[in-house]
Structure formats: C-alpha cells, structure tokens
Amino acid sequence: MTEPTQLLALLADIDEPALSESFALAPGHWLLLLLLVVACLFALTIALRYWRFQRPKRLARRLWQELDVSDPTMPAQLNQLLKRLLKAYAPRHPLLTADTGSWQQHWQSQLPAPLQLPPLQPLLYQAPTQHTALERQQLYQCGGVFIQRFNGRLYQQAASPATGPDTGVDHAGA
C-alpha cells in the first residue's frame, strides 16, 4: 500500500463552477408562461369588449337618474331616452317605428309582474295637466327597471335580418 502522505499529495482541489447570477426557466416553463399571458390578454380583451358594449346602457342609467320626476315633460324625455338606448344596440329594430300601443306592450313585457306601467298615450301626447305626479313617478320607476333589465344582445338578434343563400343578402360587397 501507499503511504498516506503520498496520497495526500495526489489530492487536487475541487473546482466548483461559479454560481449563476441569472434565473433561467426551462423551455416548458416558458411555454406555460406564454400560454398564461395569452389567456390573460384574451380575458382582458373580452372584458373590454363587454365594457364597451355596456356603455350605452351605463349612459342611459346615468341620464335616467338625472331626470326630474316633477318635470311635466319627463315622460317624453324618458321615452326618448329609452328609444335612444334601443337604437344604440339595434338601429333598425321594428319597435323604433312601432305605435305607442306596441311600445307600451313591449315595455310592460320587460317589467316584473307586480310593476304596472301607466298608460303611455296620455303621458306622452296629452297636456301635462291631464296626468298626475303619481303616474310620472310610476313611469320613472318603470323606466329604471327597464334600463336595468335591458339586454342589448337580445335586441340585436331580434333586429338582425335573416341571412343565407335564399335571402338574397350579399354581405361580401358591403
């Protein structure tokens, strides 16, 4: 056997590599991070589109709150506000040109059962002295509920024309 002093002389220092200052991810982690960023951007895009889509409804709600219930012209202003809201989502909806009876029937169908809409004909087209403050208050409340429950997508779908090979509608040339 060899002597321990000879073995001790044969030993060499262990050379460790320097510690890395930067943090490196594995390629699979980079791919997962990229997918996470893409998913976040997609969710943000969807949220932004929804927020923009709801802008007319938010504006209508704010304008509704600014209406003065004691003003005799409030019913006409509220009617105009609701028609503008409908027009913002579906510019060619049949209700925009419908008579007052059809408009009232549709408006009432959008309200919960216990809430009754006062007759629109006298409120909109007769002198302000022929309707009461109670009717205006009731109309104001119905308008607020209508705006709150308003769903623009349903009106867009109802107003969109049928398309297909048999309808004669050409969307490519527009």
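Observations on the structure shown:
- Scanning region 46-87 for residues being open to solvent by 80 Å² or more (accessible area, probe 1.4 Å) and among the acidic types (Asp, Glu) gives a total of 2.
- Condition check for Ser109: out of contact with any helix residue (DSSP H, G or I) (no Cβ under 7 Å at 6 or more places or on another chain) and either over 14 Å from Phe150 (Cβ atoms) or of a type outside the set (Val, Ile, Thr) (or both): yes
- In region 56-80, residue modelled with the highest pLDDT [restricted to those that are among the small types (Gly, Ala, Ser) and closer than 21 Å to Thr100 by Cα]: Ala60
- Among (1) assigned to a loop (DSSP other than H, G, I, E, B); (2) at pLDDT 80 or above - the single one Gly164 does not satisfy: (2)
- Checklist (1) touching a residue at least 24 places away in the same chain (Cβ under 8 Å); (2) crowded, with 16+ Cβ neighbours inside 10 Å; (3) over 22 Å from Leu154 (Cα atoms) applied to Leu117, failing item: (3)
- Taken as a whole, the condition of being in a helix (DSSP H, G or I) and not acidic (Asp, Glu) applies to Leu81.
- Qualifying residue in region 16-39 (condition: in contact (Cβ under 8 Å) with a residue 12 or more places away in the chain and under 33 Å from the mean Cα position of the chain (by Cα)): no
- Filter result for Thr132 (farther than 19 Å from Gln156 by Cα, of a type in the set (Val, Ile, Thr) and in contact (Cβ under 8 Å) with a residue 12 or more places away in the chain): no
- Residue check, Ala39 farther than 30 Å from Gly101 by Cα and either touching a His at 6+ places or on another chain (Cβ under 7 Å) or surrounded by fewer than 10 Cβ atoms within 10 Å (Cβ to Cβ) (or both): no
- Figure legend. Inter-residue proximity from region 49-70: first residues more than 24 Å from Gln138 (Cβ to Cβ), second residues open to solvent by less than 100 Å² (accessible area, probe 1.4 Å) and part of a helix (DSSP H, G or I), beta-carbon distance below 8 Å, spacing 6+ or different chains. Indicated pairs: Phe53/Gly152; Gln54/Gly152; Pro56/Leu85; Pro56/Ala88; Pro56/Tyr89; Pro56/Gly152.
- Test: residue in region 101-114 that is open to solvent by less than 70 Å² (accessible area, probe 1.4 Å) and farther than 29 Å from Phe53 by Cβ: yes
- Check on Leu86, part of a loop (DSSP other than H, G, I, E, B), closer than 28 Å to Pro122 by Cβ and of a type in the set (A, V, I, L, M, F, W, C): no
The values are calculated or read from the model by the stated rules, or taken from the named source; none is laboratory data. Just so it is clear, the structure is predicted and the values come from calculations on it, not from any experiment. No Cβ is skipped: glycine too gets one built from the backbone with ideal geometry, and neighbour counts run over all protein chains shown. Surface accessibility is based on the protein's heavy atoms, side chains included, excluding ligands, DNA and RNA. Shrake-Rupley method; radii C 1.70, N 1.55, O 1.52, S 1.80 Å.
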